[in-house]
1. Do you know which residues across the range 254-270 are under 26 Å from T128 (Cα atoms) and buried (at least 19 other Cβ atoms within 10 Å of the Cβ)?
2. Collect the residues in the range 253-288 that are under 22 Å from A224 (Cβ atoms), of a type in the set (G, A, S) and touching a strand residue (DSSP E or B) at 6+ places or on another chain (Cβ under 9 Å), keeping them in residue-number order.
3. Residues that are crowded, with 20+ Cβ neighbours inside 10 Å, over 26 Å from L211 (Cβ atoms) and not assigned by TED's automatic domain parsing to the domain that holds A251: does the range 6-21 have at least one?
4. Please find, within the range 243-291, the residue that is nearest to S168 (Cα to Cα) out of those that are of a type in the set (A, V, I, L, M) and at pLDDT 95 or above.
5. May I ask you to list the residues in the range 22-37 that are surrounded by 15 or more Cβ atoms within 10 Å (Cβ to Cβ) and in contact with a strand residue (DSSP E or B) (Cβ under 9 Å, 6 or more places away or on another chain)?
6. Answer yes or no as to whether Y181 is of a type outside the set (D, E, K, R) and in a strand (DSSP E or B).
7. Taking the conditions exactly as written (under 19 Å from L278 (Cβ atoms) and of a type in the set (F, W, Y)), does W240 satisfy them or not?
8. For the range 163-190, name all the residues that are without any contact (Cβ under 8 Å) to a residue 60 or more places away in the chain and acidic (D, E).
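The values are calculated or read from the model by the stated rules, or taken from the named source; none is laboratory data. Here the structure is a predicted model, which is why all the values come from computation and not from measurement. Positions of Cβ are generated from backbone atoms using ideal geometry, with glycine treated the same way; all protein chains shown enter the neighbour counts.
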Amino acid sequence: MTFSAFPASQHILQTDSWGEFKARYGWEPVRLHSGQESALVLFKRLPLGLSVAYVPKAGIGEEWTRLLPKIETECRQRNAVFLQIEPDLDEPYDTAGLDSVFPNYIKDEATIQPRGTILIDISSEETTILATMKQKTRYNIRLAERKGIKVETSHDLDDFYEQMLITSGRDGFALHSLPYYQNAFEIFEPKGQCVLLRASYEGESLAYLMLFLYGQRAWYFYGASNDKHRNLMPTYLLQWEAMRYAKVHGATLYDMWGIPDADEDELEEQFMLRSDGLWGVYRFKRGFGGEVKRSAPAYVKVFKPLLYKAYRWLRNKRTGGENASL
């Protein structure tokens, strides 16, 4: 039985490029195989010879009943406290069937990657894609075009980061260091798996979008904008041009990556009232159409219960029970 929602296209977080990238930040990537399937497992070393293991966005296929024991054996050899697996699967799905793949695992609602997203089908003609957007979003795209906003590819990571700093200060979200984005671009861009797009007005940079691509899928991971000429709606045209770029380069699905973890009714009731966390970006992202999706929870195999209990206590203390990161 195959559970992957996207069997024809692996998630970019399961690629060797992602493993190479995370290796620069203390993770050791290990790829394990069974038949035609494989899993990228990331190990983080801890003091006292311990480690933790993480499998992001795993495509769960027919070989997983044979692949999973190999992953667990590798975890034991590396003295892992626990193994966390996050399936590349969105609701609704066969819950009982997926649970049967992971016997003696704990289901954890607090995943590392954001559970909520919007998926946009970009396989149709451009006119059809535009027709699924909110009327105001289409208007803003056309306004930006009429007013002379230009979108082009860029390699200016310094300027991109300057605008990330502005965006972080304005919208209150956490930011990585400049080398983090430079390393991602350095690894993915030469392989055609990443592009940096720049929106400008009369030669002046207004906004950036870093898009990731793999197979038939594209992901909007990072975006930044300054406070100049916001009335010209550069971010709307930038997002649309990113979709067009993804479509030309073979993608049929565009992932907006990261909205509040709430059902669609709550999202629609609250988005005009809230701007905290991911609520502010949801207001922008929803305008581009698509389907609101929520991913499966994490499955956790505990090898050292007392140490895992201590980890959970520290995580909840640090995050107040909200989504945490390793």
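1. Correct list: Y254, D255, M256, W257, G258, I259, L267.
2. G258
3. Within the range 6-21, not a single residue is crowded, with 20+ Cβ neighbours inside 10 Å, over 26 Å from L211 (Cβ atoms) and not assigned by TED's automatic domain parsing to the domain that holds A251.
4. Pass one, the range 243-291, residues of a type in the set (A, V, I, L, M): 243, 246, 248, 251, 253, 256, 259, 262, 267, 272-273, 278, 281.
Then drop every residue that is not at pLDDT 95 or above, which leaves 243, 246, 248, 251, 253, 256.
On the way: M243: 24, A246: 26, V248: 31, A251: 29, L253: 27, M256: 18 Å.
Checking each candidate, the answer is M256.
5. Once the filter is applied, which keeps residues that are surrounded by 15 or more Cβ atoms within 10 Å (Cβ to Cβ) and in contact with a strand residue (DSSP E or B) (Cβ under 9 Å, 6 or more places away or on another chain), the range 22-37 yields K22, W27, E28, P29, V30, L32.
6. On the way: of a type outside the set (D, E, K, R): yes; in a strand (DSSP E or B): no.
Answer is no for this residue.
7. Values: under 19 Å from L278 (Cβ atoms): no; of a type in the set (F, W, Y): yes.
For W240, the condition - under 19 Å from L278 (Cβ atoms) and of a type in the set (F, W, Y) - is not met.
8. If the condition is that a residue be without any contact (Cβ under 8 Å) to a residue 60 or more places away in the chain and acidic (D, E), then E186, E189 are the ones that fit.
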